[in-house]
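Asker: Sharing a structure with you now.
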Amino acid sequence: MKAVLDACVLYPTVLREILQGAGEARLYQPVYSDRILREWVLATAKLGTDAPVLAEGEAAGFRAAFPLGWVRDHPEIEARLILPDPNDRHVLASAIASGADVIVTFNAQDFPGHVLAAEGISRRDPDGFLWELQSRHPEVMVRIVEAVRAKAEAISGQPVALKGLLKRARLYRLGKALGA
């Protein structure tokens, strides 16, 4: 399954790391464009002046991890698309050009189901998407989530409760499935 990751699901670190871990485990093929990664990097500016520099490094790591997931911009596809927010047309164009099955996004209102269905694409919120991966590959997803939690504990220097970690990432269903 190919899934375009909208910038809004790359910005929260925990969510991005779980999505990236699932991609590295080949539970799905992440798809992205330079523009999506640029939006993610720019969104980190609200965290401070150093944040975009760190995000650029993380984006470079993401590119290196998923070279086959990169799709170039397709202005010719964008030009024919009609979405509530014209600034999101590039995301749908990336999905169409790459043959993606799904767009993973928090922005349901910006990607109407009937528009996506006409292109053979569906929309999933990240919690539902990861819950589905967990239901199909429970052992793998437990390892991925535990690795993300271990990293958070290493950074903070103290224990991190799984329930709180997943709740802050808005991964409620995944948390329930993992017993958090």
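Asker: Please state the shape class of segment 132-177: rounded when a/c is under 1.5, otherwise prolate if a/b exceeds b/c and oblate if not, all from the C-alpha gyration tensor.
Answerer: Oblate shape, in that a/c is at least 1.5 and b/c is the bigger or equal ratio.
Asker: So what's the angle, to the nearest 10 degrees on a 0 to 90 scale, between helix 13-24 and the longest Cα principal axis of the chain?
Answerer: 80
Asker: So, one more: Which residues make up the longest stretch of the chain clear of trypsin sites (Lys or Arg not before Pro) that lie in a DSSP loop with no more than 13 other Cβ atoms within 10 Å, not counting the sites?
Answerer: Numbers: sites that count: ARG26, ARG72, ARG80.
Counting at most 13 other Cβ atoms within 10 Å as exposed, the longest clean stretch of the chain is 81-180.
Asker: What number, in percent, do you get for the relative contact order of segment 49-135 if the mean sequence gap of Cα pairs under 8 Å and at least 6 apart is divided by its residue count?
Answerer: Taking the mean separation of contacting Cα pairs over the length of segment 49-135, I get 21 percent.
Asker: In whole Hz and in residue order, list the ³J(HN,Hα) couplings for segment 104-117 that follow from phi through the Karplus curve 6.51 cos²θ - 1.76 cosθ + 1.60, θ = phi - 60°; x for Gly and Pro.
Answerer: So the J values, rounded to whole Hz, are 9, 7, 7, 8, 4, 5, 7, 10, x, x, 5, 5, 5, 4.
Asker: Reachable aspartates and glutamates from LYS176, Cα under 17 Å, same-chain residues fewer than 8 places away excluded?
Answerer: ASP125, ASP127, GLU132, GLU139, GLU146
Asker: For TRP70, enumerate residues with amide H under 5 Å from its amide H, sequence gap 5+ or separate chain, H modeled in the peptide plane.
Answerer: So TRP70 has HN proximity to TYR32.
Asker: Tabulate in residue order the Karplus-calculated ³J(HN,Hα) for segment 160-171, using 6.51 cos²θ - 1.76 cosθ + 1.60 with θ = phi - 60°, rounded to whole Hz; enter x for Gly and Pro.
Answerer: Going residue by residue, I get 10, 6, 4, 4, x, 4, 6, 5, 4, 8, 6, 10 Hz, with x marking Gly and Pro.
Asker: What percent antiparallel are the DSSP beta bridges of the chain, to the nearest 5?
Answerer: Roughly 0 percent of the DSSP beta bridges within the chain come out antiparallel.
Asker: Under 8 Å for C-alpha pairs, at least 6 residues apart: give me the relative contact order for the chain, rounded to a whole percent.
Answerer: Relative contact order here is 24 percent.
Asker: Pick from ILE96, ILE121, ILE82 the residue whose mean-square fluctuation is largest in a GNM of the chain, springs joining Cα atoms under 10 Å.
Answerer: ILE82
Asker: Would you mind checking the tilt of helix 138-156 against the longest principal axis of the Cα atoms of the chain, expressed as 0 to 90 degrees and rounded to 10?
Answerer: Its long axis makes an angle of about 70 degrees.
Asker: Still on this structure, I have one more. Which angle between 0 and 90 degrees, to the nearest 10, do you get for helix 51-65 versus the longest principal axis of the chain when only C-alpha atoms count?
Answerer: 80
Asker: Can you sort VAL115, VAL145, VAL53, VAL14 so the residue with the fewest Cβ neighbours within 10 Å comes first?
Answerer: Ascending Cβ contact count within 10 Å gives the list VAL53, VAL115, VAL14, VAL145.
Computed from the coordinates by the stated procedures, all read-outs in this text should not be read as laboratory data. Owing to the predicted nature of the structure, the values given are computational and were not obtained by experimental measurement. Here Cβ is always computed from backbone atoms with ideal geometry, including for glycine, and neighbour counts include all displayed protein chains.
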